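The values are calculated or read from the model by the stated rules, or taken from the named source; none is laboratory data. Because the structure is predicted, anything quoted here is derived from the model rather than measured. Here Cβ is always computed from backbone atoms with ideal geometry, including for glycine, and neighbour counts include all displayed protein chains. Surface areas here come from the heavy atoms of the whole protein model, side chains and all, with no ligands, DNA or RNA. Shrake-Rupley method; radii C 1.70, N 1.55, O 1.52, S 1.80 Å.
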Amino acid sequence: MKNNQERERESEFVDRLVHINRVAKVVKGGKRFGFAALVVIGDQKGRVGFGHGKAREVPEAIRKATEQAKRQLIRVPLREARTLHHDVKGRFGAGKVILRSAPPGTGIIAGGPMRAVFETLGINDIVAKSQGSANPYNMVRATFEALKNVDSPRSVAARRGLKVSELQARRGDAGIDA
C-alpha cells in the first residue's frame, strides 16, 4: 500500500504518451504482439524525463516507461519560468533539433514529440525546429541533449567569476551594439 507522501510525489508529475509501437513476432501458432511505449514525464516547473518501456500489453508498457522516466529526470533552468535562457542545438543519431527562446505570448511552436517535452517541462514560449530524422525516439533524445546544454546566468557568472548583474548588464550592451 502506498502512503500519502508517495502519492503526492507521483501526482506532482504530468506524463504524456508520445508514441506506441506495435511489434509482431511470428511463431508456429500465428503472431505474438508486443508493445513499446515512449513516455515523457515532468513537473511543469523545470524537471523533465523520458522513458521507454516494452511489454505484451499497452498499459504495462506505459507503466514501465513511466517508471524509467521518473528515474531519469533532469533539471532545466528556465527564464521567468516560461522560456529558455538562450538558443541551443541538440543532436542524437540522425535527429537534429534547434530550440530558440521566444518573447511572451509566442506559445509552443514545435512538432509532435518535442511539444510533449516542452509541455511537461513547463515552457510556455519557445520556437523549435527538428531536422533530419522524424523518428520520435531520436527527436526526444535530441531534445534532451539540447536541454542538457542550457545554462542559467547564475552558472555562467559563477564560471566566469562575475556577478549575475554584471552579466545581465553585458547582455544589454550586446543588444545595443548589434
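The rows are residues; the columns are (1) modelled with pLDDT of 90 or more; (2) of a type in the set (Asp, Glu); (3) assigned to a helix (DSSP H, G or I).
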site	(1), (2), (3)
Ala61	yes, no, yes
Gln68	yes, no, yes
Leu99	yes, no, no
Pro103	yes, no, no
Glu145	yes, yes, yes
Arg170	no, no, yes
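Based on what the data block shows, is Glu119 touching a residue at least 60 places away in the same chain (Cβ under 8 Å), out of contact with any helix residue (DSSP H, G or I) (no Cβ under 8 Å at 6 or more places or on another chain), surrounded by fewer than 22 Cβ atoms within 10 Å (Cβ to Cβ) and not in a loop (DSSP other than H, G, I, E, B)?
Working: touching a residue at least 60 places away in the same chain (Cβ under 8 Å): yes; out of contact with any helix residue (DSSP H, G or I) (no Cβ under 8 Å at 6 or more places or on another chain): yes; surrounded by fewer than 22 Cβ atoms within 10 Å (Cβ to Cβ): yes; not in a loop (DSSP other than H, G, I, E, B): yes.
Criteria met by Glu119.
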>> Tell me the residue from Asn124, Asn135, Asn149 that is out of contact with any Ser or Thr (no Cβ under 9 Å at 6 or more places or on another chain), closer than 28 Å to Glu12 by Cα and modelled with pLDDT of 90 or more, please.
In response: Asn149
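With Arg170, Arg159 as the choices, which residue is open to solvent by 20 Å² or more (accessible area, probe 1.4 Å) and either hydroxyl-bearing (Ser, Thr, Tyr) or more than 15 Å from Pro77 (Cβ to Cβ) (or both)? Walk me through how you get there before you give the answer.
Details: Arg159 fails: either hydroxyl-bearing (Ser, Thr, Tyr) or more than 15 Å from Pro77 (Cβ to Cβ) (or both).
On inspection, the qualifying residue turns out to be Arg170.
Can you give me the number of residues within segment 126-146 that are open to solvent by less than 10 Å² (accessible area, probe 1.4 Å) and either within 14 Å of Arg82 (Cα to Cα) or of a type in the set (Phe, Trp, Tyr) (or both)? If you could, list the steps in order and put the result at the bottom.
Taking segment 126-146 first, the residues open to solvent by less than 10 Å² (accessible area, probe 1.4 Å) are 126, 140, 142-144, 146.
Applying the additional criterion that residues be either within 14 Å of Arg82 (Cα to Cα) or of a type in the set (Phe, Trp, Tyr) (or both) yields 126, 144.
Within segment 126-146, residues that are open to solvent by less than 10 Å² (accessible area, probe 1.4 Å) and either within 14 Å of Arg82 (Cα to Cα) or of a type in the set (Phe, Trp, Tyr) (or both) number 2.
Evaluate segment 44-66: report whether one residue or more is in contact with a Gly (Cβ under 8 Å, 6 or more places away or on another chain), at negative phi and touching a residue at least 60 places away in the same chain (Cβ under 8 Å). Spell out how you get there, then give the answer.
Going through segment 44-66, the residues in contact with a Gly (Cβ under 8 Å, 6 or more places away or on another chain) turn out to be 44-46, 48-49, 54-56, 60-66.
After this cut, where a residue has to be at negative phi as well, the list is 45, 48-49, 54-56, 60-66.
Of the ones still in play, those that are also touching a residue at least 60 places away in the same chain (Cβ under 8 Å) are 45, 48.
The answer is yes, given that some residue of segment 44-66 is in contact with a Gly (Cβ under 8 Å, 6 or more places away or on another chain), at negative phi and touching a residue at least 60 places away in the same chain (Cβ under 8 Å).
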>> So Gly111 ticks every box in (1) surrounded by fewer than 19 Cβ atoms within 10 Å (Cβ to Cβ); (2) without any contact (Cβ under 8 Å) to a residue 24 or more places away in the chain but one. Which box is left unticked?
In response: (2)
